[in-house]
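In what follows, a structure is listed as structure tokens, so that the remarks can point back to it.
Just so it is clear, none of the values below were taken in a lab; they were calculated from the coordinates. Computed from a prediction, not measured in an experiment: that's the story for all the values here. Glycine also receives a Cβ, built like all others from the backbone with ideal geometry; neighbour counts cover every protein chain displayed.
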Amino acid sequence: MSIRINPDLLPDLLVSIQQSQQNEAIATQQLASGRSVNQLSDNPAAAAALVSNHDQQAQDDQFLQNNSSLMTRLQSADSTLSNVVQVLTRAVSIGTEGANSTVSAADQQAMAQEVQGLQSQLVGMANSTYQGTYLFSGTAITTQPFTLDPVTNAVTYNGNAGVSSTQLTDGNFVKTNVPGSQLFQSASGDAFGALQNLYTSLMSGNQANIGAAVTQAQNALSQVSIQRVFYGNAMNQVNLAESFLNQDKISLSSQENTLAGADLAETATNLAQAQLANQATLSATGRILSLPTLLDFIK
Amino acid sequence: MGSLSGALNIALQSMLAEQGGIEVTSNNIANVNTPGYARQRANFAETDPVRFGNVTLGTGVELQGVSSLRDSILDLRDNQETQQQGQLNAFINGGQQIQALFNEASGTGLQAPLTAFFTSLSQLSASPGDVNVRQGVLTAAQNLANAFNQATNNLTTIQRSTDLSVSQSVGQINSLTTQIAAVNAQVQTATSLGQNAGAFIDQRQQLINKLSNLIDVSQIDAGDGSLTLTTNSGAPLVVGAQSFQLTTQPDSTTGLQHVFSQGTDITSQIASGELAGQLQIRDQEIPSIQSSLDALAYNLGNSVNLQNQAGYDLNGVKGGNLFNIPATAAGSASGIRVATTDPTKIAASGGPAPGSPGDNTNANTLLALQSQTIVNGQTPLNAYSNLVFKIGSDVSNAQSNQQAGSLALQQIQNLQGAVSGVDINEEAANLIRYQNAYQASAQVSSVINSLLQTTLNMVQ
């Protein structure tokens, strides 16, 4: 005698129908959202990895935003310094011409007037701002760094010697400024002092003093040029960081896709299979439930 | 020697017996869709023979009784598996509500506010003197504190609603044990009278199965047909005709309902069934998540405060607290608040000089907290990401167990069906057999009737 089987097939059939409907629902949800992880329990490890992935992406975005404004600030400082170089070069050539014994005192005085103009231009440049804050006042960015005494032509530094560092990428710091005192009034080259001396010596017509002032101006010129290299380097670093961040964003977004993205082709196939399975189960259930029993043959 | 009246009697008894068979068959067919019904069988037996000298003659058939076909071992396994299912389903139900609060897949968790707080510090480091950026840090801090508060509130709401379910489950358990005790008494009576208690046993198994869905049940056969039901840890539920009610009382500190049996707190001993799953969510899962959130809020808040105190604000004054947090970790996620509305109070600067708004030394150190292991040996984000993993895997493990269990349950129920299920074909075959036998016996009595007539005519 064979083993009796459960005569009630309905529970099994219902489970099969539910199963295929569930598969359909899962595939539809994945297709609709484009994601294979819609709840933490779908893939806890991927969900946890998504936390750091999303965090990293947001950080990268912030770094890119910081870097782009830093870049503009650095560019603005650099182009200001390039103008400073022109001013100082002009001062050197005026001084060299004025040191010539053939130049008349009147000409020297005219030159002195031009130098005075250069001095005030230079002060203006050294007081350059970017988005309302001073570029060359150290970390005292709201304090105007240089003031010109209209009588003596002497220039005073009001900023500080602070240097800021900013993170370009995670843990990668770059210094973002050179204090004005170091650029324009350092021991290796004092631009304002040089122009003040040049003015005074041209006014007095003392050739030796003019010569000394020209040397000072040349020193100041080379000091500014050397310090300008800092800005060039910083911009290079920002550029490098930017390409790193853009690359990192691409890898992060590809990682996100691997972690939580639904493979659309596969999901579409799954959906088609689930639909097929569902139809097959329904058709089988319909047939099984309407099978005749022995009762149908009793007359 | 045999007699015609004896033969007539046999035929009549046979018709009665087959009639009983038809009645059993009809009852089986009637109950084909009744949940918990175990098919019944008519037990026919030949009656004692009589001896006439050397001749022994049979005296026909009798319907000895009706028995229900059920396998009590399968019933037990069904109950046990149902207990597991009940527990897992209740846990999954609560777990799904919890994981929706931290659904990082759709960005509804704490990662966004946590990250936003640190990116606001990153921005502060880039523009330490900008009051709008400073305001942005305060807003991000506010959002982070709100997210902590909100997550705690939501967890508490789930805990409270689970607490309500605990009370409801206890109510259902009490109602079921009362019904089981009543049916138990009927089984006891029927058994003592030697009657078929099948229908009552069907009912009782149905009720015990429902009870199993709610709480762990251990059953002992009392020997008189009745069952003694206790929890696995021995708290009595039903003994004979008596049921023992469970009661609930709110805990004096948490206000959450504890379950008592005969004055003893059995809350922590409930091992399976929906009640166990609800208690697991209420007393273990939610407090554990809450304590992780508390640790995160407490350590992050304290570290930010300490670092802000180490720097100088926009006015060159030593920094104070950015967050107000409770003195201990417990309750920090619900208690964390932003301490100031003044954006100048953020200590971005490393030195006291008031004229250096561009100094970002301390802003950088504040920002660096995001990669420091300040939360129980983990960075804030890793601590949170581990929590997300725990929440997700607790639900996903319960789901796998639930699926495996439901397959096992399905198999057990198929086995039960194989023993107890009504098969229409089988019933139809029986019906034909009983019909044939009934018709044959009727034919026999008609023949005997004509024989008796013949005999009477002979006498005339």
*What does the charge dipole of region B:76-409 about its Cα centre add up to, to the nearest 20 debye, if the Cβ of each Lys and Arg holds +1 and the Cβ of each Asp and Glu holds -1?*
540 debye
*What nm value, rounded to one decimal, do you get for the distance between residue A:85 and residue B:386 when each label is placed 7 Å out toward the C-beta?*
5.4 nm
*FRET efficiency for residue B:408 and residue A:170, Cβ-Cβ distance as r, R0 = 35 Å, nearest 0.05?*
0.10
*Just the projected area, averaged over all directions, of the convex hull on the alpha carbon atoms of region B:113-263: how many nm²?*
12.8 nm²
*asked:* Using a 7 Å offset from the Cα along the Cα-to-Cβ direction at both residue B:69 and residue A:33, what is the distance between the two label points in nm, to one decimal?
replied: 4.8 nm
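For region B:76-409, what is Rg from Cα atoms divided by 2.2 N^0.38 Å, rounded to two decimals?
Values: Rg = 27.8 Å, N = 334, 2.2 N^0.38 = 20.0 Å.
Working it through for region B:76-409, the quotient is 1.39.
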_For the pair residue B:245/residue A:147, report the inter-label distance in nm, with labels modelled 7 Å from Cα in the Cβ direction._
8.9 nm
*From the P(r) of the protein assembly as shown, can you give the percent of Cα pairs sitting at distances over 51 Å?*
48 percent
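Once you compute Rg and the Kirkwood Rh from C-alpha atoms, what is the Rg to Rh ratio for region A:5-72?
Details: Rg = 22.4 Å, Rh = 16.0 Å.
Reported Rg/Rh, Kirkwood definition of Rh: 1.40.
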*Top of A:288, A:210, A:94 by mean-square fluctuation, Gaussian network on chain A, Cα under 10 Å*: A:288
*asked:* List the lysines whose Cα sits under 26 Å from the Cα of residue A:249, skipping any in the same chain fewer than 8 residues away.
replied: A:175
*If you put +1 on each Lys and Arg Cβ and -1 on each Asp and Glu Cβ, how big is the dipole of region A:52-255 around its Cα centre, in Debye rounded to 20?*
240 debye
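Where Lys and Arg each count +1 and Asp and Glu each count -1, what net charge lies around residue B:96 among other residues with Cβ under 12 Å from its Cβ? Walk me through the intermediate numbers first.
Numbers: positive: none; negative: A:42, B:285, B:394.
It works out to a net charge of -3.
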*May I ask you to work out the translational diffusion coefficient for region A:52-255 at 20 °C, viscosity 1.002 mPa s, via Stokes-Einstein with Rh from the Kirkwood sum over Cα pairs, reported in whole µm²/s?*
116 µm²/s
*For residue B:323, enumerate residues with amide H under 5 Å from its amide H, sequence gap 5+ or separate chain, H modeled in the peptide plane.*
B:305, B:339
_Net charge around residue A:257, counting only other residues with Cβ within less than 13 Å of its Cβ (Lys, Arg = +1; Asp, Glu = -1)?_
0
*For an R0 of 35 angstrom, estimate the FRET efficiency from the Cβ-Cβ distance between residue A:299 and residue A:5 and round to the nearest 0.05.*
0.80
*Once amide H atoms are built 1.01 Å from N in the peptide plane, which residues 5 or more positions from residue A:173, or in another chain, come under 5 Å H to H?*
A:168
